[in-house]
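Below: one structure, written as C-alpha cells.
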Amino acid sequence: MFRYFVVLLTLVGIFNDVSAHNRKIASDGCHREGDSYHCHSADTTIGFISNEARYYEVDRVIDGDTLDFIYSDQGPITTRLYGVDTPESRKGAKLTKDAKSVLEQRGITRDHDDYNDLLEDEKERQLELGAAATQYVKDTLKDKDVFVLFEDSDTFPFIQKDSVGRFLAYVFYTDDTGTGMLNLQLIADGHAEADYLDSPFRYRWAFIDGDIDAVREKIASVALPEKPVPLSPAPDHRLTTTWASLKKRYR
C-alpha cells in the first residue's frame with residue numbers, strides 16, 4: 001500500500017512540474033513564474049527558423065533601433081530591433097525622459113541650480129549619439145543582403161509587437177568576418193544598451209552573456225540560409241497593350 005502511495009505522489013509531482021512548465025520558455029531556458037523567472041539550462045543554438053524569417057530589403061533606417069523593411073511588393077514593415085535600445089535621434093517625450101534618467105544617474109536632481117540647462121545639454125548629447133547610431137546602422141547594412149528573423153508569438157499574426165505596434169526582430173547580415181547580428185553589434189560597438197531583459201525572448205542569452213566577443217564569434221561561425229534566386233516577373237501586358245492592337249487582334 002505504501003508503495004502505491006509513493007507512486008501516486010511521484011505522478012502528481014511530475015504532473016505539476018509539466019503543468020508549471022507548459023508555458024513559453026525562452027531560448028535562454030527562462031520563463032516567468034509570477035513576478036520572477038524560473039530558469040533551466042539555456043539553449044544557445046543559433047537557428048534561423050521562425051514564423052517569419054527571410055531576406056528583406058532595407059527601405060528606411062528610422063533610427064538606430066527602428067527600420068522599415070520591404071519584401072517584394074509587401075511593406076514597408078516597421079521593425080524594432082529586439083534586445084537593444086539606442087539613443088533617440090528625434091526630439092520628443094522619450095528624449096526628455098532619457099535625458100532626465102541620465103541626470104538622475106549622475107545625482108543631479110530638479111533642485112539643482114542649473115538643472116534646466118544641464119537637461120538641455122544632455123538632450124543635445126543624446127541626439128548626437130542617436131544620429132551616430134542611425135548612421136552606424138546605415139553603414140553596416142549598406143550593400144548587404146539582410147536576413148530578418150521576427151520574434152514568434154502564439155497569437156495572430158504570430159509575430160511579437162512592441163507597445164507601439166512595431167514588429168520585434170533580429171537582423172542578420174554577412175561580411176568579411178562571417179555572420180553578424182545587428183542587434184548585438186550595436187551593443188558591442190557602443191551604440192546601444194541591452195533592453196527587454198526582463199522578458200524572455202529568443203536570443204536573450206546572447207545579450208546577458210558576459211563575454212560578448214565569444215557570442216559574436218559563435219554567431220559569425222553560422223552561415224545564413226541561402227538567399228533564393230528571385231523569379232523573373234511576368235510581363236505586364238497592361239503596359240504594352242494598346243487600343244489599336246486590341247482592335248487588330250480581335251477584328
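Beta carbons closer than 7 Å, at least 6 apart along the sequence or on distinct chains, pair a first residue in segment 142-158 that is under 12 Å from Leu168 (Cβ atoms) with a second that is of a type in the set (Ser, Thr, Tyr) and surrounded by 11 or more Cβ atoms within 10 Å (Cβ to Cβ) for Val148/Tyr56; Val148/Thr79; Leu149/Ser50; Leu149/Tyr170; Phe150/Ser50; Glu151/Tyr82; Asp152/Ser50.
If I go through segment 101-122 residue by residue, how many of them are touching a residue at least 12 places away in the same chain (Cβ under 8 Å) and within 26 Å of the chain's Cα centre (by Cα)?
Kept after step one, since they are touching a residue at least 12 places away in the same chain (Cβ under 8 Å), are these residues of segment 101-122: 102-103, 115, 118-119, 122.
After this cut, where a residue has to be within 26 Å of the chain's Cα centre (by Cα) as well, the list is 102.
Here the count works out to 1.
For segment 211-233: of the residues being in contact with a strand residue (DSSP E or B) (Cβ under 6 Å, 6 or more places away or on another chain) and not in a loop (DSSP other than H, G, I, E, B), which is farthest from Ser153 (Cα to Cα)? Looking at residues that are in contact with a strand residue (DSSP E or B) (Cβ under 6 Å, 6 or more places away or on another chain) and not in a loop (DSSP other than H, G, I, E, B), I get Ala220. Summed over segment 51-109, residues that are assigned to a strand (DSSP E or B) and over 20 Å from Leu182 (Cβ atoms) total 1. The condition of being outside the structural domain of Arg202 (by TED's automatic domain parsing) and at negative phi does not hold for Gly64.
Looking across segment 115-169, the residues that are hydroxyl-bearing (Ser, Thr, Tyr) and either buried (at least 20 other Cβ atoms within 10 Å of the Cβ) or in contact with a helix residue (DSSP H, G or I) (Cβ under 8 Å, 6 or more places away or on another chain) (or both) come down to Tyr115, Thr134, Tyr136, Thr140.
The values are calculated or read from the model by the stated rules, or taken from the named source; none is laboratory data. These figures come from a predicted structure and were not determined experimentally. Cβ: placed from backbone, ideal geometry, glycine included. Neighbour counts: every protein chain shown.
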